[in-house]
Each structure stands twice: as C-alpha cells, then as structure tokens.
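Okay, structure first, notes after.
The values are calculated or read from the model by the stated rules, or taken from the named source; none is laboratory data. Remember, predicted model here, so these are calculated numbers, not experimental data. Positions of Cβ are backbone-derived with ideal geometry, glycine not excepted, and every protein chain shown enters the neighbour counts. Please note that ligands, DNA and RNA were not included when accessible areas were found on the heavy atoms of the full protein model with its side chains. Shrake-Rupley method; radii C 1.70, N 1.55, O 1.52, S 1.80 Å.
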Amino acid sequence: MFAKRRVAILISGRGSNMASLIEAAKAPDYPAEIALVVSNIPGAPGLERAAAEGVATAVVDYKAYPEREAFERALNRALTAHGAEILCLAGFMRILTPWFINRWIGRMLNIHPSLLPLFKGLHTHRRALEEGVRIHGCTVHYVTPELDSGPIIAQAAVPVLPSDTENALSARVLRQEHVIYPLALKLVASGKVPLQQGRVEMEADWDERAALVSPQSACAE
Ligand code: GRF
C-alpha cells in the first residue's frame, strides 16, 4: 500500500473543479487524498459541496485580516494543521504574495481557463472570442510568483465554433478542466512531473497522450 499525498483545495466559488478532484481521489489507486477544502469567502457554494462529500472544510475570510500577509499566515496555519502537502487552486480569487507562493513552490497547482501563455488574467473566453482564435482551452500549471506564468503540467484544447457565445465556450472548456485537473494532480502526486530549475521535468517514458485532450475529442459532446 502506497501513502497517498494529502491535498488541500483552495476555492472562492462554486467548486466544480474541486468536485472533479474529490471524485477522482475516490479511486483506490489515485495517489492523492483530499484532506481539506479552504475558502477565502464564507458561504462559497463549493464548501457545502465538499462537506456533503465528507471532506473537511475551513473558511479563512480575507476580510477579517488587515493585511494580505496576515491572511496568508492564517491560511498557512489551516493548511499545515490538516497536514496538507500539495495545494490545488480551483477558482481561488485571491492573488497570493511571493511569501506564500515560495513556501509552496513545486507543490501548488492552478487551473486557468485558457491555453497559456495566451489570455492570462480574467475574462479569458470573452477575449478568445474577440481575438477570433479557432482553438481555445485550459491549462494546469505550477504556481510561481508571476501571475498565470508558472511551468505547464497539462493542457486541453477545444475548438471555437462560429456559433459560440461566452457561455457556450466556457462550458466546453470547463468540461475539459474537469478532465485535466485530476490528471495533472495524479502526475504531481505520483512524482512524475517535478518542478526542477523552473521547468516541469517529464519522465523519459512520458506518454504524450496523457497530457493532451484534442479538439476532436472535445467536439464529441
Ligand atoms: C474555472 O474556470 C477555473 O479555470 C478558473 O476559475 C473557474 C473556477 O470554476 N480558475 P469552479 O469554481 O471550479 O467551478
């Protein structure tokens, strides 16, 4: 029996990515267990969803702290109290300081709704439509101090269709987010994609199919 890595998921909202990680971690051979879900917003819908799955939850309300670092110290205390080894940001809407990020470097992942390095920041689907790109998608990456710029672990591409609205495109991307986040966490928790000297080191026997969801398969639904 191998030891599962203890994971904390940080959310601010509905938590659909969180739910996909909780679901994946139910598999006996999944290398991680979800030890905690933390929200910086009291009453975030994802908290109830996590509790219904029997996952421990905590709220660290950023408004209760005068400064960002005091908030992050409280967050860090909650994480260490639950023995978290890996952090997954999943719709966590607080910018973290280098103090916090450097504490968790190589052990903190984020999912971003675009094919990075395109469309960093907010409103990615609207901007993809405005730019007229034909392929859009999502990315799981290690978190580094520069926003949405950390080394990439997995990506999924989806087509942009002529009839697309922001909502339709966002839903198509979200379905793939729910595929690649569990995949990326599995790779990280099993030590297959370590962050070394600022790059993701892939194993020599890397199966490239494991990190690619193509427009063709994304069209199937
Ligand atoms: C997702 O689109 C994710 O890529 C972004 O925030 C959104 C969170 O959605 N970082 P959910 O709370 O996981 O449903």
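With no solvent and one point on each alpha carbon, what is the Debye value of log10 I(q)/I(0) for region 122-188 at q = 0.15, 0.16, 0.25, 0.29 Å⁻¹? So the normalised log intensities are -0.51, -0.57, -1.09, -1.23. Overall size of the chain from C-alpha positions, given as principal axis extents largest first: 48, 41, 37 Å.
In this structure, the amide hydrogen of T144, modeled 1.01 Å from its nitrogen in the peptide plane, lies closer than 5 angstrom to those of S149, G150, counting only residues at least 5 positions away or on a different chain. Take every DSSP beta bridge whose two residues both sit in the chain; close to 40 percent of them are antiparallel.
Per the Debye calculation on region 28-96 with a single equal scatterer at every Cα and no solvent contribution, log₁₀ I(q)/I(0) for q = 0.23 Å⁻¹ amounts to -1.12. Take each peptide in 110-123, 2-15, count the other Cβ atoms within 10 Å of every residue, and average; sorted highest first, the result is 2-15, 110-123.
Residues whose amide H comes within less than 5 Å of that of A32, counting only those at least five positions distant or on another chain, are R5 (H built at 1.01 Å from N in the peptide plane).
Computed over protein heavy atoms with a 1.4 angstrom probe, the accessible surface ordering of E23, E146, E33, E48, largest first, is E48, E146, E23, E33. Ordered from highest to lowest accessible area with the whole protein assembly present and a 1.4 Å probe, R127, R172, R199 read as R199, R127, R172.
Measuring nothing but how far apart in sequence close Cα pairs (under 8 Å, 6+ apart) lie, relative to its length, the chain scores a relative contact order of 18 percent.
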